[in-house]
Amino acid sequence: MPQTAIDLAREVVAELAPDELRDFDLVAQAHLAHPRAARRARDGRNEPNASAWATAAPILSGIVVAVITDLSKDLLLASGRSLGTRLKARFRRQRGDQPLPPYPPEQRAALLVHAHQSAIRHGADEETAPKIANAVAGHWVAPR
């Protein structure tokens with residue numbers, strides 16, 4: 001069972017794109033260190049030399065890490081923490097891999113919808129987004 005967001009992302013990438021596992025740690029560390037820069041790098045407008053990188057498929061590892069990071073944040077915010085605690089957390093920038101918040105199995109349908117939307121937002125196509133969502137939900141289980 002995965003303990004952290006990166007553990008979960010590694011399991012999902014191993015299932016969907018095992019050929020990317022060799023570079024997974026590098027991609028994950030880059031995303032955790034500078035998530036905004038990682039998002040900008042996936043944006044096709046950030047291609048100053050017109051080398052056609054925008055036509056290449058986005059690296060699945062980066063998308064999966066971004067999706068799981070989004071879902072972890074959403075679960076933590078929905079956990080009912082006080083406004084003061086949320087504001088402190090928002091202004092205190094945490095970097096690095098964080099423990100995976102528990103995911104209640106009865107919320108699987110909502111997780112699938114959010115994971116699919118997040119995958120699309122982070123660059124997955126309509127064929128890959130449901131695969132990412134299903135793999136994330138399948139590997140993310142509530143601790144017993």
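The values are calculated or read from the model by the stated rules, or taken from the named source; none is laboratory data. Everything quoted here is computed from the prediction, not taken from an experiment. Cβ sites come from the backbone with ideal geometry, for glycine too, and all protein chains shown count toward neighbours.
Taking helices (runs of 4 or more DSSP H) as the structural unit, those lying wholly within the stretch 1-91 and holding at least 1 residues that are modelled with pLDDT of 60 or more correspond to 5-16, 24-33, 35-42, 60-78. Does residue 111 satisfy the criteria of being under 22 Å from residue 129 (Cβ atoms), in a helix (DSSP H, G or I) and at pLDDT below 80? No, not satisfied.
Across the stretch 114-140, the number of residues qualifying as out of contact with any Phe, Trp or Tyr (no Cβ under 6 Å at 6 or more places or on another chain), within 16 Å of residue 74 (Cα to Cα) and either modelled with pLDDT under 80 or of a type outside the set (D, E, K, R) (or both) comes to 10.
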